[in-house]
Amino acid sequence: AQKITQTQPGMFVQEKEAVTLDCTYDTSDQSYGLFWYKQPSSGEMIFLIYQGSYDEQNATEGRYSLNFQKARKSANLVISASQLGDSAMYFCAMRENPSQGGSEKLVFGKGTKLTVNP
Amino acid sequence: NAGVTQTPKFRILKIGQSMTLQCAQDMNHNYMYWYRQDPGMGLKLIYYSVGAGITDKGEVPNGYNVSRSTTEDFPLRLELAAPSQTSVYFCASRDYGRSEQYFGPGTRLTVT
């Protein structure tokens, strides 16, 4: 079974508008971490935002926020005020049992390609 | 800080050849990782290290070897290259007590 599911292969948004990229995850652990990474066409992986499973508040980093709904097992990325430079692939990832020194493995989804139109 | 650096950026290998992908970080991070990214897919973990002298297998370790003799360096060795190893390889590092991994620019490897 897939651990991370990103159901949107591609998304389009107008510049200056907000966009939500979906991510659902599957785990039986109580302790886990959720990440979003951005991969521009140049290929590097850029860390955007992190949410721990015990964090009560949704994580925010500048224009990025993570809409964490634990009961639904979803961790959607919200980008506000989209910019042309936001056009990229976006990957959701999960690490299980981080607080117990457990798995070092980051499991990645297949990604969503975001295109920001002027 | 240069962060995580990888060499080479591109390489073409013939089937059966061997090579070492280099990775170095100057952030004094304990944890280092090697991932591969196949076209249209997310990353998969090959090997990782929690400190100098300690390495462990990830999800897809077959056909690869690693060593970690220093905190800074974490080379990935491909023995007997196969077309299935055509991929983009990323090295990453993480600081103890932090969750996020920081990635190098990647090495694009083609095996023909």
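Bear in mind these aren't lab numbers, they're just calculated from the coordinates by the rules spelled out. Values in this document were obtained by computation on a predicted structure and should not be read as measured data. Note that we place each Cβ from the backbone using ideal geometry, even for glycine, and neighbour counts take in every protein chain shown.
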Legend entry - Fewest-first sequence of A:Lys38, B:Lys57 by Cβ atoms within 10 Å of each Cβ: B:Lys57, A:Lys38
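Normalised by the empirical 2.2 N^0.38 Å for globular proteins, what value does the Cα Rg of the protein assembly as shown take?
Details: Rg = 17.6 Å, N = 230, 2.2 N^0.38 = 17.4 Å.
Working it through for the protein assembly as shown, the quotient is 1.01.
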Inset, instruction - Mind pulling up the Rg/Rh value for chain A? Radius of gyration and Kirkwood radius, both on Cα. - result: 0.96
Inset, instruction - Show the residues, 5+ positions off or on another chain, whose built amide H is closer than 5 Å to the amide H of A:Asp29. - result: none
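Looking at region B:2-112 only, what percent of DSSP beta bridges run antiparallel? Nearest 5 please.
The antiparallel proportion sits near 90 percent.
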Inset, instruction - Grab the alpha carbons of region B:34-97, take their convex hull, and tell me the volume per residue in Å³. - result: 88 Å³
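Below 8 Å, C-alpha to C-alpha, sequence gap of six or more: please give me the relative contact order for region B:53-103 in percent.
Relative CO of region B:53-103 lands at 22 percent.
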Inset, instruction - Give, rounded to the nearest 20 debye, the magnitude of the charge dipole that the protein assembly as shown has about its Cα centre when Lys and Arg contribute +1 at Cβ and Asp and Glu contribute -1 at Cβ. - result: 560 debye
Inset, instruction - List, in order, the whole-Hz ³J(HN,Hα) value for each residue of region A:41-56 obtained from phi through the Karplus relation with A = 6.51, B = -1.76, C = 1.60 and θ = phi - 60°; use x for Gly and Pro. - result: 5, 5, x, 6, 9, 10, 5, 10, 7, 9, 10, x, 5, 9, 5, 7
Legend entry - Computed Rg/Rh of region A:20-65, alpha carbon atoms with Kirkwood Rh: 1.00
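To the nearest 20 Debye, how big is the dipole of region A:45-118 about its Cα centre, given +1 on the beta carbon of each Lys and Arg and -1 on that of each Asp and Glu? Don't jump to the answer; show the numbers that get you there.
Numbers: 8 positive and 6 negative charges, 60 e Å.
Dipole of region A:45-118, to the nearest 20 debye: 280 debye.
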Legend entry - Residue among B:Ala92, B:Ala24, B:Ala82 with the largest mean-square fluctuation in a Gaussian network model of chain B, springs linking Cα atoms under 10 Å: B:Ala82
Inset, instruction - Please turn the phi angles of region A:64-78 into ³J(HN,Hα) values with the Karplus equation 6.51 cos²θ - 1.76 cosθ + 1.60 (θ = phi - 60°), one per residue in order, whole Hz, x for glycine and proline. - result: 9, 9, 10, 8, 9, 10, 4, 5, 8, 6, 10, 9, 7, 9, 10
Legend entry - Total lysine pairs whose alpha carbons fall under 22 Å of each other in chain A (8 or more apart, or interchain): 17
Legend entry - Gaussian network model of chain A, Cα within-10 Å springs - most flexible of A:Ala88, A:Ala71, A:Ala59: A:Ala71
Legend entry - Model label zone, A:Ala81; criterion: amide N under 19 Å from point 7 Å along Cα-to-beta-carbon; scope region A:14-56: A:14-21, A:48-49
Inset, instruction - Determine the relative contact order of region A:1-115: mean sequence separation of Cα pairs under 8 Å and six or more apart, normalised by residue count, in whole percent. - result: 35 percent
Inset, instruction - At most 13 other Cβ atoms within 10 Å and a DSSP loop assignment: could you name the GluC sites (Glu not before Pro) in region A:1-96 that fit? - result: A:Glu15, A:Glu17, A:Glu56
